[in-house]
């Protein structure tokens, strides 16, 4: 058996619109982000999920509620949080984004590395295998957990995951598929 995951990113935030990298900072969805989360419900119509997990950060939880509330159980999980940029949480993206690929193994000052995020996601995947085998799981979270899935499940290098990230290639889609065996 296997766990089938469909990964969704949270809607656009007020920080996204200001080109700020939120990290662990709690930020609101923008009007656009609210609309995106509501529209996602129509874009994935016909897909059935047994459970939805989301980051416990407000932007992901609110996205999950707007898309899935009343349809399926939603469980926030802090392991699905964005990378903790430490001193650089809620700082301009022009400062944070160039640092990201340098913080694969090295931690952001007072924060964590992408390898730390990968460990959180690996732990979460083990939890899924033990508890949701044979299930269809939706996840709503952030960039770092999604890149971690690419590294852990699709065997990409970190450099490849960053280079092929939809945010750089401008190839957003309504969900990315992963299978955990």
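Checking each residue in segment 125-158 for being in contact with a strand residue (DSSP E or B) (Cβ under 8 Å, 6 or more places away or on another chain), in a helix (DSSP H, G or I) and under 22 Å from residue 63 (Cβ atoms) picks out 125, 128, 143, 145, 146, 149. Contact map, segment 127-155: first residue at positive phi, second residue assigned to a strand (DSSP E or B), Cβ cut-off under 8 Å, separation 6 or more or different chains; pairs are 134/3. Anything in segment 159-181 that is touching a helix residue (DSSP H, G or I) at 6+ places or on another chain (Cβ under 6 Å) and outside any loop (DSSP other than H, G, I, E, B)? List them, or say none. Once the filter is applied, which keeps residues that are touching a helix residue (DSSP H, G or I) at 6+ places or on another chain (Cβ under 6 Å) and outside any loop (DSSP other than H, G, I, E, B), segment 159-181 yields 161, 162, 178, 180.
Among the residues of segment 84-116, the one identified as outside any helix (DSSP H, G or I) and closer than 15 Å to residue 165 by Cβ is 104.
Within segment 102-129, being surrounded by fewer than 15 Cβ atoms within 10 Å (Cβ to Cβ) and more than 17 Å from residue 152 (Cα to Cα) holds for 102, 106, 109, 110.
Here, each number is a calculation from the coordinates, and none is a lab measurement. Owing to the predicted nature of the structure, the values given are computational and were not obtained by experimental measurement. As a convention, Cβ positions derive from the backbone with ideal geometry for all residues, glycine included, and neighbour counts pool all protein chains shown.
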